[in-house]
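Here is the structure we will look at.
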Amino acid sequence: MHISIYITCPDKEEAEKIAETLVAEKLAACVNYFPVNSVYAWEGKIEKSCEYALLCKTGKENFNKIKGRVSEIHSYEVPAILALEIVNGNK
């Protein structure tokens, strides 16, 4: 089964680094990254920031590997790493 993994990063440089790492290590077949505006609660406050989002295309069996690898190299204390199941799509 194929999944997409959504990850947010603080800036373009970190998004590119993570994307390149996941593709080079064959954990993802392709990674798209793009700017997003985020609103979130952190330490009791509402925060707003410009971030970069990654959309990683991979197999379900790679989720835990990607989660572990991203956690090692990501600058956020608690990075968002969300698996989205692909119900219908191209291989």
Please give the helix 63-73 orientation as an angle from the longest Cα principal axis of the chain, in degrees from 0 to 90, rounded to the nearest 10.
40
Report, in degrees rounded to the nearest 10, the 0 to 90 angle that the Cα long axis of helix 12-24 makes with the longest principal axis of the chain.
20
Restricting things to alpha carbons, find the Rg to Rh ratio for the chain using the Kirkwood radius for Rh.
0.98
Note the full-extension length gain between ASN32 and SER71 as 0.36 nm times their separation in residues minus their Cα-Cα distance, in nm to one decimal.
12.2 nm
Just going by the charge dipole of the chain, with Lys and Arg at +1 and Asp and Glu at -1 on Cβ, which of PHE34, ALA19, LEU84 is farthest out on the positive end?
LEU84
State the extension gain, in nm to one decimal, for the chain segment bounded by TYR40 and LYS12, taking 0.36 nm per residue of separation less the distance between their alpha-carbons.
8.1 nm
Considering only lysines 8 or more places apart in sequence, or on different chains, count the pairs in the chain whose C-alpha atoms sit under 23 Å apart.
21
Any chance you could tell me what percent of the C-alpha pair distances in region 46-90 go past 11 Å?
75
Given unit charges at Cβ for Lys, Arg (+) and Asp, Glu (-), the dipole magnitude of region 2-85 about its Cα centre in debye, nearest 20, is 260
For region 54-79 and region 1-52, what is the centre-to-centre distance using only Cα atoms, to the nearest Å?
9
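Each value in this text was obtained by applying a stated rule to the coordinates, not by laboratory testing. Given the structure is predicted, the values throughout are model-derived calculations rather than measurements. Glycine also receives a Cβ, built like all others from the backbone with ideal geometry; neighbour counts cover every protein chain displayed.
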